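All of the numbers you see were taken from the coordinates with simple rules; none came from a lab. Just so you know, these numbers come straight off a predicted model, no measurement behind them. Every residue, glycine among them, receives a Cβ derived from its backbone with ideal geometry; neighbour counts consider all protein chains shown.
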Amino acid sequence: MVDFDQLLEAFVEIVSPLRVFGIDPEVIALTASRMIRAISHLSGLLGESDRAPEPADSIRTRAPGIVD
């Protein structure tokens with residue numbers, strides 16, 4: 001996995017031409033890298049939710065014969 005510092009440095013290099021317009025490349029890079037990390041984290045959470053049992057299945061497991 002890519003280190004956060006490496007990701008931030010790469011984004012700073014990519015957006016550094018925007019400095020001509022008065023835009024701070026470090027702010028843009030930090031925002032973009034945080035967004036990418038958040039997306040990867042959320043996709044991991046969504047993958048975990050696919051493996052979670054359905055609520056009805058867990059009730060049937062804990063109370064067999066009561067819920068059918």
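Residues Val12, Val27, Val20, ranked from the fewest to the most other C-beta atoms within 10 Å, line up as Val20, Val27, Val12. The Cβ shell under 12 Å around Pro25 holds other residues with a net charge of -3, Lys and Arg each +1, Asp and Glu each -1. Extension gain for Ile14 to His41 (0.36 nm times residue separation, less C-alpha to C-alpha distance): 7.4 nm. Based on the alpha-carbon gyration tensor of segment 4-50 and its eigenvalue square roots a ≥ b ≥ c, which shape applies: rounded if a/c is under 1.5, prolate if not and a/b is larger than b/c, or oblate? Prolate, because a/c is 1.5 or more and a/b exceeds b/c.
Using the Cβ of Leu8 as centre and a radius below 15 Å, the other residues enclosed give a net charge of -4, where K and R count +1 and D and E count -1.
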